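Enquirer: Take this structure first; my questions come after.
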Amino acid sequence: MTITDVDSAVTALLGAERLRQDRDRVTEEWDGLDEQTAYEVQRRLIAARLDGGEELVGFKLGLTSRAKQEQMNVDAPISGWLTDAHQRCNGEPVKVAGYIHPRIEPEIAFILDKELAGPGCTREDVKNATAHITAAFEIIDSRYRDFSFALPDVIADNASSAGFVLGSTICQPGDFDLINEEVTLLVDGQEVATDTGAAVQGDPAQAVAEAVNQISERGQTVPAGAIILTGALTDAVFLQPGSSFTARFANLGEIKVSCV
Ligand code: 0L1
Ligand code: MG
């Protein structure tokens, strides 16, 4: 199908996810797609999922590492939305064939007990609105061939959101220094990467505040009760059937995902 407008972009992206079939970037066909219109595609894509019976449960930040931002020539994170269909139970095996080319990345999640709204949201506001913090794994699965996209494409594609798992260790904001919280990513028990919370724009709480201010320009807020995935602490790795993926945090405990 040819993509020329918001409706056709939403249909194409939802279809690619449902059929687990990668596709060309939207901008290949819709040359004039800009960031603002891409967020409208994203908004309508989420609205279609909610119309289909899914429930909004969270908000996510993407492109939060300086390296990824330089690669995409941006200086701020992008964002997307999470529904209950994205959530996997801790310990539940993940079926790789249920996705196109899934990758996994360790993150720090904030669970809100108050709404977050901009403009003027600060890192202190984020901490004050947070009921607790936990470890998370995000599964990303770009609907674009070879994860190849321009910025408007990945915004329209809901920042590659595909799934997430929350850990079971609960901490309070202020229990420890999130910026220096260390994580080690292991694949089949072998360490493949290690980094700290500083990988998320220097400070995960500050990154959330910036994203909240960004969405306020579109009249959006993050509701009380939402789960916020604050961004990857290490590079994402591809999921493989038969492999296990562990995120071992210094204070936030461990999450393990086994793939079938
Ligand atoms: O969660 C993320 O940082 C992913 C954002 C989109 C970029 C990608 O798919 O690699
Ligand atoms: Mg992520």
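Enquirer: Please enumerate the residues belonging to region 58-71 that are in contact with a Pro (Cβ under 9 Å, 6 or more places away or on another chain) and within 8 Å of ligand 1 (Cβ to nearest atom).
Expert: Selection gives LEU61, GLY62, LEU63, THR64.
Enquirer: Among the residues in region 63-73, are any away from ligand 2 (no atom under 15 Å from the Cβ) and in contact with a Leu (Cβ under 7 Å, 6 or more places away or on another chain)?
Expert: no
Enquirer: Could you please let me know if VAL10 is β-branched (Val, Ile, Thr), away from ligand 1 (no atom under 16 Å from the Cβ), surrounded by 16 or more Cβ atoms within 10 Å (Cβ to Cβ) and in a helix (DSSP H, G or I)? Walk me through how you get there before you give the answer.
Expert: Values: β-branched (Val, Ile, Thr): yes; away from ligand 1 (no atom under 16 Å from the Cβ): yes; surrounded by 16 or more Cβ atoms within 10 Å (Cβ to Cβ): yes; in a helix (DSSP H, G or I): yes.
Yes.
Enquirer: Shifting gears a bit: Going by what's in this entry, would GLY120 be described as at positive phi, modelled with pLDDT of 95 or more and either crowded, with 18+ Cβ neighbours inside 10 Å or not hydroxyl-bearing (Ser, Thr, Tyr) (or both)? It would help to see each step written out before you state the result.
Expert: Details: at positive phi: yes; modelled with pLDDT of 95 or more: yes; either crowded, with 18+ Cβ neighbours inside 10 Å or not hydroxyl-bearing (Ser, Thr, Tyr) (or both): yes.
Yes.
Residues checked against (1) surrounded by fewer than 16 Cβ atoms within 10 Å (Cβ to Cβ); (2) assigned to a strand (DSSP E or B); (3) of a type outside the set (Ser, Thr, Tyr); (4) within 13 Å of ligand 2 (Cβ to nearest atom):
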position	(1), (2), (3), (4)
ASP195	no, yes, yes, no
GLN214	no, no, yes, no
THR230	no, yes, no, yes
THR234	no, no, no, yes
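Enquirer: What are the pairs with Cβ atoms under 8 angstrom where one residue, in region 71-92, is more than 15 Å from LEU50 (Cβ to Cβ) and the other, located anywhere, is open to solvent by 40 Å² or more (accessible area, probe 1.4 Å) and more than 9 Å from ligand 1 (Cβ to nearest atom)? Sequence gap at least six, or different chains.
Expert: ALA76/GLU210; ALA76/GLN214; PRO77/GLU210; PRO77/GLN214; SER79/GLN214; ASN90/SER168; GLY91/LYS256
A quick yes/no check of all residues on (1) open to solvent by less than 30 Å² (accessible area, probe 1.4 Å); (2) within 12 Å of ligand 1 (Cβ to nearest atom):
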residue: ALA156; (1), (2): yes, yes
residue: GLY174; (1), (2): no, no
residue: GLU217; (1), (2): no, no
residue: PHE238; (1), (2): no, yes
residue: GLY242; (1), (2): no, no
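Enquirer: If you take the residues in region 72-87 that are buried (at least 18 other Cβ atoms within 10 Å of the Cβ), part of a strand (DSSP E or B) and not small (Gly, Ala, Ser), which one is farthest from ligand 1 (Cβ to nearest atom)? Walk me through how you get there before you give the answer.
Expert: Kept after step one, since they are buried (at least 18 other Cβ atoms within 10 Å of the Cβ), are these residues of region 72-87: 77-83, 86.
Next, from what is left, pick out any that are part of a strand (DSSP E or B): 78-83.
Narrowing the set further to residues that are not small (Gly, Ala, Ser) leaves 78, 81-83.
Details: ILE78: 7, TRP81: 12, LEU82: 11, THR83: 15 Å.
Checking each candidate, the answer is THR83.
The values are calculated or read from the model by the stated rules, or taken from the named source; none is laboratory data. Everything numeric in this text was worked out from a predicted model, so none of it was measured. Every residue, glycine among them, receives a Cβ derived from its backbone with ideal geometry; neighbour counts consider all protein chains shown. Ligands, DNA and RNA are excluded from the accessible area calculation, which covers all protein heavy atoms including side chains. Shrake-Rupley method; radii C 1.70, N 1.55, O 1.52, S 1.80 Å.
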